[in-house]
Amino acid sequence: MTDKEELIRQIDRIRDGGGTAISGGMKLGLAELDKSLAPDRISRMLLLTDGQTFGDEDACQEAGHAGRQPGHRRQRPGPGRRLE
């Protein structure tokens, strides 16, 4: 995305509430990263979460392991070491 104002509008539309099945978003995000992997690019997926998934912890762990492919980098800017 190159339109900064549109990015801000999309972020402003984010609303919290209820539980989160994180694995679906993780899988979609990794698929988007795969579309543009190249040696001359830096691609990142930023996952904002409290770490508490809603009934899909095993699928989240699986998606996290799938993200350990060449070209994918992982950073965990937050407290804790594991998904709960």
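A few notes on this one:
- Meets criteria (at negative phi, in contact with a Gly (Cβ under 6 Å, 6 or more places away or on another chain), hydrophobic (A, V, I, L, M, F, W, C) and surrounded by 12 or more Cβ atoms within 10 Å (Cβ to Cβ)) for Met45: yes
- Residue-level check: of (1) surrounded by 11 or more Cβ atoms within 10 Å (Cβ to Cβ); (2) modelled with pLDDT of 75 or more, Arg73 misses just (2).
- Residue within the range 1-11 that is at pLDDT below 85 and outside any helix (DSSP H, G or I) present: yes
- Cross-chain or 6+ apart pairs with Cβ under 9 Å, the range 7-31 first and among the polar types (S, T, N, Q), then in a loop (DSSP other than H, G, I, E, B) and exposed (fewer than 11 other Cβ atoms within 10 Å of the Cβ): Gln10/Met1
The values are calculated or read from the model by the stated rules, or taken from the named source; none is laboratory data. All values reported here derive from a predicted model rather than from experimental measurement. Glycine also receives a Cβ, built like all others from the backbone with ideal geometry; neighbour counts cover every protein chain displayed.
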